[in-house]
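Q: My structure is below; once you've seen it, I'll send some questions.
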C-alpha cells in the first residue's frame, strides 16, 4: 500500500466529522509509541513549553546518571540513545528556542561528564556536531536570544 501525500490527507480530513477525526486520532495513537507521545505533547504539554523543556532536561539528567562508564563503547551507545530521544522531543515541539535549549543542555551535560569525552574522538565529534547544529539554530532566533545563547556557546567551545 502506497501512502498518500499530506495534501490529500488534509483534503480528506476536511470531509470528516468531528467524531470521525477523534476516532482516527485515537486509533492512530494505538499503533506507535511516538504517535502517543506526540499526541500527549500536543494535548497536554504544548501550552506550557517551559515545563516541557524542564521535563526533558530532567529526563536527560536521569539518563546521564545511569550511563555505564566501564568502557567508552557503553558511554557512546548511551549518549547516542540520549541524543536520539532528545531530538525526538525537539521534533515534537518544532520550536527553535526549545531545540537550542535542549541541545545546549545536552552539550553541557556531555562536556561535564566523567570520564572526559576528550579521550574518545567519537564522543568529541558528536559534541562538536551538536554545537554546529546549535549555532545554525541560534542564527534563526531573535537578536537578544542570539546574544544570550552565543555567550553560552562560547563557554562550551573552550
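Q: Using the Cα atoms of the chain to build a convex hull, what is its mean projected area in square nanometres?
A: Details: hull surface 49.5 nm².
For the Cα atoms of the chain, the hull's average projected area reads 12.4 nm².
Q: Roughly what angle does helix 72-93 make with the longest principal axis of the chain, taking Cα atoms, 0 to 90 degrees, to the nearest 10?
A: That works out to roughly 40 degrees.
Q: Students often check this: by mean Cβ neighbours within 10 Å, which of 101-112, 30-41 ranks highest, and how do the rest follow? Mind showing how you got there, number by number?
A: Numbers: 101-112: 18.9, 30-41: 12.4.
Averaged packing, sorted descending, gives the order 101-112, 30-41.
Q: To the nearest 10 degrees, how steep is helix 121-138 against the longest Cα principal axis of the chain, on a 0 to 90 scale?
A: Taking the Cα atoms of the chain, the angle to 121-138 is about 60 degrees.
Q: If one takes the longest principal axis of the Cα atoms in the chain, at what angle in degrees, from 0 to 90 and to the nearest 10, does the Cα axis of helix 49-65 lie?
A: 50
Q: What is the extension gain from residue 112 to residue 40, computed as 0.36 nm multiplied by their sequence separation minus the C-alpha to C-alpha distance, in nm to one decimal?
A: Values: separation 72, 0.36 × 72 = 25.92 nm, distance 3.16 nm.
Separation in residues times 0.36 nm, less the Cα-Cα distance, equals 22.8 nm.
Q: Over the chain, what is the relative contact order in whole percent, taking alpha-carbon pairs under 8 Å and six or more residues apart? Before the final figure, lay out each step's value.
A: On the way: 86 pairs, mean separation 25.8, N = 158.
Computed value for the chain: 16 percent relative contact order.
Any read-out appearing in this document is the output of simple, stated calculations on the displayed coordinates, not a laboratory observation. These numbers were taken from a predicted model, which means no experiment stands behind them. Ideal geometry is used to build each Cβ from the backbone, glycine not excepted, and the neighbour counts take in all protein chains shown.
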